[in-house]
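Engineer: The structure's right below; bear with me while I get my questions together.
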Amino acid sequence: MITKYFRRLALLVWLMSTLTGVAQEVSFSATAPKVVRNGEQFRLTYTISGDFSQFSAPSMDPFRVLSGPNQSRSSNFEFRNGKTTTSTTTTYTYWLQAVETGSFTIGPASIQVSRKQSMQSDPVEIQVVAGKASQGTRQPAAAPSRHATSSASRPANQDVGEIGDESLFVRTEASKNKVYIGEQLVVSQKVYTKVNLAGFGDISFPNYSGFWAQEVDIPDRINLERVALNNQVYAMGELKRTVLFPQKSGKLTLEPSKVEVIAQVQRSQQSRRSTGDPFFDSFFNDPFFNSRTANVPVNCVSEPVTITVLPLPEAGKPASFGGAVGKFSISSEIDKTSLNVNEAITIKYRVSGSGNLHLIDLHEFRFPHDFEVYDPKVNRNITTTANSVTGAVTFEYVMIPRNAGIFTIQPVELAYFDPAGERYVTLRTETYEITVHKNPTPDSDAMVYSGLSREEVKLLGEDIRYIKTGVSGFYHPDASFFGTRAWYKWLVLIFVIFLILFILFSIRRKNRADQAGMKNRKATKFAKRRLAQAATYLKANQIESFYEEVSDALWGYVGDKLNIPFSVLNTEQVKEKLASSTVPDMVIERFLSLVAQCDYARFSPGDLGSGMQAVYSDAVQIITQLEKYLKKAA
């Protein structure tokens, strides 16, 4: 009897443990369209996940309540790892109708979670506009892809409804219409529609001449959302978003975009009769169920947009200003401040912020003359977000002190223009004092060179020295070397060596001080290096990387060769400088045409891989021709 009792008790404990559910966290939300037309019927839904005891709806004024609350409830049971999880979702749906225009707020609804705890939903803001009723102003059922194509065309019987200019169009929108040179702005290409969309055909976007462009990654599948424009309700989808940096002042025009939109329109036959229920009407009039629809290609062209670009003010411009525009900060760090002669030291400068980071180039470095400084390692970690270009640029220098003493590394200045405050800002890093000690071991201050490999050193130890068979000259042990002919020869030789070393070090120091001359001499070398990298991308068929590398090779070459700072490098400057260097107009036009072709290929859709070999060959020929003419001009 006792054994049977314990068995039943154990079975009961096991059942309780397996059927015990995990408590569900309660969530409460409200959803409704943000924009509706006056007289339009729409749905307001409250969704509650979890258990609650009471639902209290807010006042729906000034909207007219057509039906509701319509309650529905669903439960989900999941058995995992010996435990049962139960989730419950309850929805309350209202069908409302807008009766007047304006912006209105429906207050929060409330539920009772427990005796001591209640919860509220967020208020719902709805804008009512005086738009006309039209097909497609409800939330569109289709969310087409940017790259989708359709073979559908206008049916032969021409029995489809007309699509007016106000029902479907493409629009170019800029975040700012007045900016300074180098100030970033966001440009979006958007489609507005009152009809359902099936996809897109040919798309042509402008190349944004006069701007440095950086495209923002957006999903290929367009998400259509209801918006209000000119007191009308539209479904809006973003086709392309780009961050632009103007490179010259004046009025710059954003050329129109050309987009072929595949629209779904109803045929001119009588449409399905209304059932009186807004839900069933919208459901059965959907193109999926309604066969009386046709796909019609519509060519849409946006209006050009003019951007007023202001020049940067001359008043208050710092001498160290290099073209940075935005909001930045600068910091520095050094790995050691006390070391021995011939030991390496590393110093890093980091510029971070938002703006034209691709133009940041710290060049006002003043290192001690007793330090041997190597070329910096530059790391650009730049990210293009939805509304700006942000990131950081790091300059890492490795230096080796050649003499002992106490040295000072002067602060580095970063001057930039803040367009929000319309003023120049100058930032400085901290000053570093470096103590360089003599090496503790003798002769360690001298630089050690080795002209023999490990194998050659090993071979010397195994060789048998040559046995001289002749008789060498004899010298008197008391004879003095001073004043002899050999002494004078050594004196002259030492003087000549010292003179040569002095000239070499003077030339080297002069070349280091001449930044422009150094860039001029290395321009061809850097261009060849970039073209070699472009050839690698060409073989790998990496189209965007190829055109970007060719563009950098062309701009970098003329910038270094003509001593034009990257911050002011543009087509007008290059054309003027090349013309003054007696470069033929035909060569200049070929250069500018190739640069424009590369920029167009980087930021325009389509397959441009077929012309990559020709672009590469043209880039090599143009740089070779420019090198020939610029050498003659020098």
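The values are calculated or read from the model by the stated rules, or taken from the named source; none is laboratory data. Just so it is clear, the structure is predicted and the values come from calculations on it, not from any experiment. All Cβ positions, even for glycine, are placed from backbone atoms using ideal geometry, and neighbour counts span all protein chains on display. Surface accessibility is based on the protein's heavy atoms, side chains included, excluding ligands, DNA and RNA. Shrake-Rupley method; radii C 1.70, N 1.55, O 1.52, S 1.80 Å.
Condition check ((1) touching a helix residue (DSSP H, G or I) at 6+ places or on another chain (Cβ under 8 Å); (2) open to solvent by less than 20 Å² (accessible area, probe 1.4 Å)) across all residues:
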{"position": "186", "(1), (2)": "no, yes"}
{"position": "195", "(1), (2)": "no, yes"}
{"position": "215", "(1), (2)": "yes, no"}
{"position": "220", "(1), (2)": "no, no"}
{"position": "235", "(1), (2)": "no, yes"}
{"position": "240", "(1), (2)": "no, yes"}
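Engineer: Moving on to the next point. I need a count of the residues in segment 371-411 that are of a type in the set (A, V, I, L, M, F, W, C), outside any loop (DSSP other than H, G, I, E, B) and open to solvent by 20 Å² or more (accessible area, probe 1.4 Å).
Structural biologist: Kept after step one, since they are of a type in the set (A, V, I, L, M, F, W, C), are these residues of segment 371-411: 371, 373, 378, 382, 386, 389, 392-393, 395, 398-400, 404, 406-407, 409.
Still in the list and also outside any loop (DSSP other than H, G, I, E, B): 371, 373, 378, 382, 389, 392-393, 395, 398-400, 406-407, 409.
The next check asks that each one be open to solvent by 20 Å² or more (accessible area, probe 1.4 Å); those that pass are 373, 378, 382, 398, 400, 406-407.
Total satisfying the criteria: 7.
Engineer: Here's a follow-up. In segment 242-262, which residues are touching a Pro at 6+ places or on another chain (Cβ under 8 Å) and either in a strand (DSSP E or B) or open to solvent by 10 Å² or more (accessible area, probe 1.4 Å) (or both)?
Structural biologist: 249, 252, 253, 254, 255, 256, 260, 261, 262
Engineer: Which residue pairs have Cβ atoms under 6 Å apart, sit 6 or more places apart or on different chains, and have a first residue in segment 92-106 that is free of Cβ contacts under 8 Å to residues at least 40 places away in the same chain and a second that is assigned to a loop (DSSP other than H, G, I, E, B)?
Structural biologist: Final answer for the pair search is 105/123.
Residue-wise test of (1) within 30 Å of residue 438 (Cβ to Cβ); (2) touching a residue at least 40 places away in the same chain (Cβ under 8 Å); (3) surrounded by 13 or more Cβ atoms within 10 Å (Cβ to Cβ); (4) of a type in the set (A, V, I, L, M, F, W, C).
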position	(1), (2), (3), (4)
325	no, yes, yes, yes
328	no, yes, yes, yes
331	no, yes, yes, no
342	yes, yes, yes, no
347	yes, yes, yes, yes
351	no, yes, yes, yes
355	no, yes, yes, no
359	no, yes, yes, yes
367	yes, yes, yes, yes
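Engineer: Taking residue 317, is it open to solvent by 70 Å² or more (accessible area, probe 1.4 Å), at pLDDT 85 or above and in a loop (DSSP other than H, G, I, E, B)?
Structural biologist: Yes.
Engineer: Can I ask one more? Whether any residue in segment 267-284 is over 20 Å from residue 43 (Cβ atoms), open to solvent by 10 Å² or more (accessible area, probe 1.4 Å), part of a strand (DSSP E or B) and modelled with pLDDT of 85 or more is what I want to check.
Structural biologist: no
Engineer: Give me a count of the residues in segment 412-430 that are open to solvent by 30 Å² or more (accessible area, probe 1.4 Å), on the phi < 0 side of the Ramachandran plot and outside any strand (DSSP E or B).
Structural biologist: Residues meeting the conditions: 3.
Engineer: Can you work out which of the residues in segment 188-224 that are in a strand (DSSP E or B) and among the polar types (S, T, N, Q) is farthest from the chain's Cα centre (by Cα)? Break it down into steps so the answer makes sense when it comes.
Structural biologist: Going residue by residue through segment 188-224, those that are in a strand (DSSP E or B) are 188-193, 196-204, 211-216, 221.
Checking the rest, the ones that are also among the polar types (S, T, N, Q) come to 188-189, 193, 196, 204, 214.
On the way: 188: 15, 189: 18, 193: 29, 196: 32, 204: 22, 214: 6 Å.
The extreme case among them is 196.
Engineer: Tell me the residue from 88, 84, 45 that is at pLDDT below 85, part of a strand (DSSP E or B), under 21 Å from residue 118 (Cβ atoms) and open to solvent by less than 30 Å² (accessible area, probe 1.4 Å), please.
Structural biologist: So the residue among 88, 84, 45 that is at pLDDT below 85, part of a strand (DSSP E or B), under 21 Å from residue 118 (Cβ atoms) and open to solvent by less than 30 Å² (accessible area, probe 1.4 Å) is 88.
Engineer: Only one of 162, 100, 125 is out of contact with any Asp or Glu (no Cβ under 6 Å at 6 or more places or on another chain), on the phi < 0 side of the Ramachandran plot, modelled with pLDDT of 85 or more and open to solvent by 60 Å² or more (accessible area, probe 1.4 Å); which?
Structural biologist: Answer to the check: 125.
Engineer: Here is a follow-up. Could you pull out the residue among 554, 578, 538 that is open to solvent by 30 Å² or more (accessible area, probe 1.4 Å), over 21 Å from the mean Cα position of the chain (by Cα) and at pLDDT 80 or above? I'd like the intermediate steps shown before the answer.
Structural biologist: Values: 554 fails: open to solvent by 30 Å² or more (accessible area, probe 1.4 Å); 578 fails: open to solvent by 30 Å² or more (accessible area, probe 1.4 Å).
Of the residues listed, the single one that is open to solvent by 30 Å² or more (accessible area, probe 1.4 Å), over 21 Å from the mean Cα position of the chain (by Cα) and at pLDDT 80 or above is 538.
Engineer: Still on this model: For segment 593-603, how many residues are within 12 Å of residue 622 (Cβ to Cβ) and loosely packed, with under 15 Cβ neighbours inside 10 Å?
Structural biologist: 1
Engineer: Could you check segment 165-179 and list, in sequence order, the residues that are touching a residue at least 40 places away in the same chain (Cβ under 8 Å) and buried (at least 20 other Cβ atoms within 10 Å of the Cβ)?
Structural biologist: Matches in segment 165-179: 168, 169, 170, 179.
Engineer: Another question, then. May I ask you to say which residue of 69, 62, 58, 155 is over 43 Å from the mean Cα position of the chain (by Cα), under 30 Å from residue 198 (Cα atoms) and either modelled with pLDDT of 80 or more or of a type outside the set (S, T, N, Q) (or both)?
Structural biologist: From the options 69, 62, 58, 155, the qualifying one is 155.
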